[in-house]
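Before any comments, here is the structure.
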Amino acid sequence: MKYDAKVLANYDVSIAPIDDTMLMSYALFSGLHNHGMDGLSERYLGHTPIPIKDLLGSGKSMITFDRVPIDEAVKYAAEDADITLRLWMTLKPKMPSARVTTVYETLERPLVPVLSQMERHGIRVDRETLSRMSNSFAQKMAGLEAEIYELAGESFNVGSPKQLGEILFEKMGIEGGKKGKTGAYATGADVLEDLATEHELPARVLDWRQLSKLKSTYTDALQEHIDPDTGRVHTSYVQTGASTGRFASTDPNLQNIPIRTEEGSKIREALVEDPGKTLIALDYSQIELRILAHMADIPALKQAFSDGLDIHAMTASEMFDVPLDEMTPEIRRRAKAINFGVIYGISGFGLARNLRIPRGEAQAFIDRYFERFPGIRTYMDDTIAFAKKHGHVATLFGRKIHTPEIAAKGPRAGFARRAAINAPIQGTAADIIRRAMIRMPAAIAGMPCKMLLQVHDELLFEVEDKAVDDVITVARDIMESAAKPTLALDVPLVVDAGKGANWAKAH
DNA sequence: CATCTCACG
DNA sequence: ACGTACGTGAGATGC
């Protein structure tokens, strides 16, 4: 429905009320299968729809729908409408559960016009900034390539993991090359970082890879996504994109714009305000840990959030018996890794790899954590037991995430258990920001302000300069109270705000 | 088209 | 004994 709503909006047509079979399927069956019309048609109607490829072709010779012969277009469009109606008649009676229906009606359906608007607004991208950065990256890469060829004693494709593996582990004879399932040497960043302590070449390759990634995926690709009509980039959110309730962002993905490294975060300087306006970024502080503290009912964590303390420092203090005023960055870093690990369904192996410590040590940390916060283990055990009994887990809003592999044997069971532990936490956070987004248009109605982007725990707005502080006040209030009145969380939700001429400055 | 790699929360 | 942190999308390579 979102796609159709956007097409119709070009002709000033709006539609209400709506139903959407894709969203109905998502509310009913997230985690079980995908929710596209073609798949649903095969599953429920036993009918394979005309593939759009048959009309448009693919790749370079692909045509647009307006150039499809009318008789073919009619058959396709009529089938599309017919199947959608038949799917609706099939799925509507499958929604007897009050909770699933509530999720569909309050967290899925109302988002369609909200996301349509955001996608239509798009965000302004400064092509010149990207172009300059692209040239700079290209120069630096060329310099690195020369060094790499010199160190290797020959030229090769640095971007080919296969060729790089052969250079490192065969030609140069570096020890410790490990081949994966497919017989290729592993050359991921973890591997190269280890080698880089002893060898120049892998260190240079790591630098090259970072630049290559930034250039191809961001500075170059983003320019190609600038709409010539609007001068802006219009992402597409896939409302059913993640099983947990999060969205996916595609064409381009604006939910993975770099920020973690200094080089990378400069990309955000190219995502800019319209003249006379300002970008505002509001993000939830530690929302998943807050939800964990509430769901697992951990008094110490809840108290720390209520008191506005540094949660990772508090965890470290509790775990390692270090007073807060004697906390060191290294101890805090370890506690932070453990806190994140808990959200992901912690394992000794995973924590050991993340912290680069022996597995036994990591396991000792985890044991200690469970000792100090026994509610965490109870939450994990209860969640897995629930998943085994019901075949799904749920968010605090009642969103179901099905866990069909929870009964599997072997390594798949481990994946399923960790996913089951994570899903209610990640999913509840997703539900909360969805609620904020749904309430936002009414809250900012009349203000010279547009909501542009969502990045899982963050919303980005474009606001006329004079209204910046008012919008921050209003939008923050909507976000911080988004769980209410459905949920009475034992922890406060806190939203940090920033503003600036571009996305980097707004952070 | 599968695989590897790497960007984000 | 084995293989593991959760959720995503996209570009380049190579078959």
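The table that follows gives values for the structure above.
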{"read-out": "First in segment A:344-373 and among the aliphatic types (A, V, I, L, M), second anywhere and within 16 Å of DNA strand B (Cβ to nearest atom) and at pLDDT below 90, Cβ under 8 Å, 6 or more apart", "value": "A:366/A:346"}
{"read-out": "Helices (runs of 4 or more DSSP H) wholly inside segment A:82-192 that include at least 3 residues being more than 16 Å from DNA strand B (Cβ to nearest atom) and aliphatic (A, V, I, L, M)", "value": "A:98-103, A:111-121, A:127-152"}
{"read-out": "Filtered residue count, segment A:96-120, keeping only those that are modelled with pLDDT of 95 or more and either among the polar types (S, T, N, Q) or touching a His at 6+ places or on another chain (Cβ under 8 Å) (or both)", "value": "7"}
{"read-out": "Those residues of segment A:412-432 which are touching an Asp or Glu at 6+ places or on another chain (Cβ under 6 Å) and within 11 Å of DNA strand B (Cβ to nearest atom), in sequence order", "value": "A:425, A:429"}
{"read-out": "Segment A:178-214 - residue that is of a type in the set (S, T, N, Q) and within 22 Å of residue A:356 (Cα to Cα) and, of those, surrounded by the fewest Cβ atoms within 10 Å (Cβ to Cβ)", "value": "A:197"}
{"read-out": "Filtered residues of segment A:351-365 (kept if basic (Lys, Arg) and near DNA strand C (Cβ under 8 Å from one of its atoms))", "value": "A:353, A:359"}
{"read-out": "Among residues of segment A:193-234, those that are more than 17 Å from residue A:135 (Cβ to Cβ) and within 14 Å of DNA strand B (Cβ to nearest atom), counted", "value": "12"}
{"read-out": "Of all residues making up segment A:220-247, the number that are farther than 30 Å from residue A:32 by Cα and either within 11 Å of DNA strand C (Cβ to nearest atom) or free of Cβ contacts under 8 Å to residues at least 40 places away in the same chain (or both)", "value": "8"}
{"read-out": "Condition met for residue A:255 (on the phi > 0 side of the Ramachandran plot, of a type outside the set (D, E, K, R) and in contact (Cβ under 8 Å) with a residue 12 or more places away in the chain)", "value": "no"}
{"read-out": "Test: residue in segment A:383-392 that is loosely packed, with under 14 Cβ neighbours inside 10 Å, modelled with pLDDT of 95 or more and under 28 Å from the mean Cα position of the chain (by Cα)", "value": "yes"}
{"read-out": "Members of segment A:418-447 that are without any contact (Cβ under 8 Å) to a residue 40 or more places away in the chain and surrounded by fewer than 19 Cβ atoms within 10 Å (Cβ to Cβ)", "value": "A:442, A:443, A:445, A:446, A:447"}
{"read-out": "Every residue from segment A:208-233 that is part of a loop (DSSP other than H, G, I, E, B) and either touching a strand residue (DSSP E or B) at 6+ places or on another chain (Cβ under 6 Å) or under 17 Å from residue A:459 (Cβ atoms) (or both)", "value": "A:225"}
{"read-out": "Residue under evaluation residue A:405, criteria (1) within 12 Å of DNA strand C (Cβ to nearest atom); (2) within 24 Å of the chain's Cα centre (by Cα); (3) closer than 22 Å to residue A:339 by Cα; (4) not basic (Lys, Arg), criterion not met", "value": "(3)"}
{"read-out": "Residue pairs meeting the criteria (Cβ under 7 Å; at least 6 apart or on separate chains; first closer than 11 Å to residue A:244 by Cα and in contact (Cβ under 8 Å) with a residue 60 or more places away in the chain, in segment A:398-414; second more than 10 Å from DNA strand C (Cβ to nearest atom) and of a type in the set (Phe, Trp, Tyr))", "value": "A:402/A:29"}
{"read-out": "Test: residue in segment A:88-102 that is away from DNA strand C (no atom under 16 Å from the Cβ) and touching a Phe, Trp or Tyr at 6+ places or on another chain (Cβ under 6 Å)", "value": "yes"}
{"read-out": "Filter pass, residue A:98 being of a type outside the set (D, E, K, R), closer than 17 Å to residue A:36 by Cβ, without any contact (Cβ under 8 Å) to a residue 12 or more places away in the chain and loosely packed, with under 15 Cβ neighbours inside 10 Å", "value": "no"}
{"read-out": "Which numbered condition residue A:59 fails, given (1) on the phi > 0 side of the Ramachandran plot; (2) loosely packed, with under 14 Cβ neighbours inside 10 Å; (3) touching a residue at least 40 places away in the same chain (Cβ under 8 Å)", "value": "(3)"}
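Yes or no, residue by residue, for (1) under 17 Å from residue A:451 (Cβ atoms); (2) in contact with an Asp or Glu (Cβ under 9 Å, 6 or more places away or on another chain); (3) modelled with pLDDT of 95 or more:
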{"position": "A:233", "(1), (2), (3)": "yes, yes, yes"}
{"position": "A:245", "(1), (2), (3)": "no, yes, yes"}
{"position": "A:251", "(1), (2), (3)": "no, no, no"}
{"position": "A:256", "(1), (2), (3)": "no, no, no"}
{"position": "A:262", "(1), (2), (3)": "no, no, no"}
{"position": "A:267", "(1), (2), (3)": "no, no, yes"}
{"position": "A:273", "(1), (2), (3)": "yes, yes, yes"}
{"position": "A:279", "(1), (2), (3)": "yes, yes, yes"}
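The values are calculated or read from the model by the stated rules, or taken from the named source; none is laboratory data. Just so you know, these numbers come straight off a predicted model, no measurement behind them. Neighbour counts are summed over all protein chains in view; Cβ atoms, including those assigned to glycine, are modelled from backbone coordinates with ideal geometry.
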